[in-house]
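Scroll down for the structure; my scribbles are underneath it.
The values are calculated or read from the model by the stated rules, or taken from the named source; none is laboratory data. Because the structure is a prediction, the values reported are computed rather than measured. No Cβ is skipped: glycine too gets one built from the backbone with ideal geometry, and neighbour counts run over all protein chains shown. The protein model used for the area step is the full one, side chains on, heavy atoms only, and it has no ligands, DNA or RNA in it. Shrake-Rupley method; radii C 1.70, N 1.55, O 1.52, S 1.80 Å.
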Amino acid sequence: MPNKRIQIKITIGKNSDGTLARKSFYGRTKKEANAKAQKYLRENTFAPVDRKITLAEWAEKWLEVYKQGNVSEITYQNSYCNPVYQHIIPYFQNAKLIDIKQIDIIDFFNTKKEYSKSTLNKLKITLSSMFNAAIDNDLIVKNPVKNVQVSSQQEPGKKRAYTKEQVEKIIEFAKEHDDGAEIIVLLKTGLRRGELLALRWEDIDFQNNLISVRMSLAETGSGVTIGPPKTKASMADIPFDNDLKKVLMGLPRSISGYVFPNTKDKLRSPTGWHKRGYRRFMIDMQKEFPDIPVLSPHELRHTFGSLVYEATKDIYITSKLMRHTDINVTAKIYVHESLDTKRTAIISVFKDLRT
């Protein structure tokens, strides 16, 4: 019985009547058949199927067909829509999909070096998946993201956080600032930005000083959506002190029920909040305290975790309050004992034993 051959078909252009011209290639494996097709394409130049489709148009089509409904809503918004609408489309704008080369991808990542390596890798995965899907649909021949290396200006593994003394100054300043209440909540609870903006008055138990995290807000190209957090661990009750209680009770109650709505009493977009309220607060804070650096909202969350661990040295409690799915994630971020600390511990344990 002869060996079964694998067949693949590729589009090599258009026929005179306007129909697509296709060509078949065979091999014992898909890899072998694909290698023959790629060799053929390298040696022959053909027009792509559609020279008019832009990367932006394809990105939106890719989201609709490959991601929407196939992953959870929060994952869809945070992991796919955010990279597409906040980074990829604004950069490439009306660039034709077929015209984007590897050098354009490299230039794109060179403008993103201020972001963490983790964020850059997410962008790379998203872009690569989009281009691979375009290849599968005969829109392009090869993936320009392939072999592109990404690098970040941020030091790997290093997360910035405010000191306890800096936090005390920031909180006192925030109590007198129009945008300060959000800052105090972030520093005293470790909420994520989306969780803060989705917070409703019904989520706050003033009798027991608890905030119930049940919803999170995500941003899309057409607006904002609200839904459960990405993980079950994120849905938890967070205690707060009487100082934060006083701040929260001093806020006006909105008709919509949201604690931090926009000026129209509707959900506030994360980008709008960051560009206006958060940035405005940080600019004013630096005028008052020039030596205190400007940190991101996520670094305020990291500050909360750092202060909790510093005060308790309890990685389990820190993990629970940070609402991490895995305690190893917490340990990797917050536990950094030095060799001297380990040596001191060994000496302390065995100093009274006879040898």
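Say whether the condition of being open to solvent by 30 Å² or more (accessible area, probe 1.4 Å), hydroxyl-bearing (Ser, Thr, Tyr), touching a helix residue (DSSP H, G or I) at 6+ places or on another chain (Cβ under 7 Å) and modelled with pLDDT under 95 is met by at least one residue in region 262-270.
So in region 262-270, the residues open to solvent by 30 Å² or more (accessible area, probe 1.4 Å) come out as 262-269.
Still in the list and also hydroxyl-bearing (Ser, Thr, Tyr): 263, 269.
Among the residues that remain, those that are also touching a helix residue (DSSP H, G or I) at 6+ places or on another chain (Cβ under 7 Å) are: none.
The answer is no, given that none of the residues of region 262-270 is open to solvent by 30 Å² or more (accessible area, probe 1.4 Å), hydroxyl-bearing (Ser, Thr, Tyr), touching a helix residue (DSSP H, G or I) at 6+ places or on another chain (Cβ under 7 Å) and modelled with pLDDT under 95.
Only one residue in Thr119, Thr126 is assigned to a helix (DSSP H, G or I) and more than 30 Å from Pro261 (Cβ to Cβ), so which one is that?
Checking each option against the conditions leaves just Thr126.
Within region 17-58, can you find the residues that are modelled with pLDDT under 80 and among the aromatic types (Phe, Trp, Tyr)?
Once the filter is applied, which keeps residues that are modelled with pLDDT under 80 and among the aromatic types (Phe, Trp, Tyr), region 17-58 yields Tyr40, Phe46.
Answer with yes or no whether Ser79 is polar (S, T, N, Q) and either touching a residue at least 60 places away in the same chain (Cβ under 8 Å) or surrounded by 17 or more Cβ atoms within 10 Å (Cβ to Cβ) (or both). It would help to see each step written out before you state the result.
On the way: polar (S, T, N, Q): yes; either touching a residue at least 60 places away in the same chain (Cβ under 8 Å) or surrounded by 17 or more Cβ atoms within 10 Å (Cβ to Cβ) (or both): yes.
So Ser79 passes the test.
In this structure, is Ile226 under 24 Å from Gln68 (Cα atoms) and touching a helix residue (DSSP H, G or I) at 6+ places or on another chain (Cβ under 9 Å)?
When the stated conditions are applied, Ile226 passes them.
State all residues of region 188-231 that are open to solvent by less than 10 Å² (accessible area, probe 1.4 Å), over 30 Å from Trp62 (Cβ atoms) and not in a strand (DSSP E or B); if no residue qualifies, say none.
Selection gives Thr189, Gly190, Leu191, Leu196, Leu199, Val213.
I'd like to check something: does region 162-176 contain any residue that is in contact with a Phe, Trp or Tyr (Cβ under 9 Å, 6 or more places away or on another chain) and assigned to a loop (DSSP other than H, G, I, E, B)?
no
Would you confirm whether or not region 122-145 contains a residue that is closer than 30 Å to Leu307 by Cβ and surrounded by 14 or more Cβ atoms within 10 Å (Cβ to Cβ)?
Yes.
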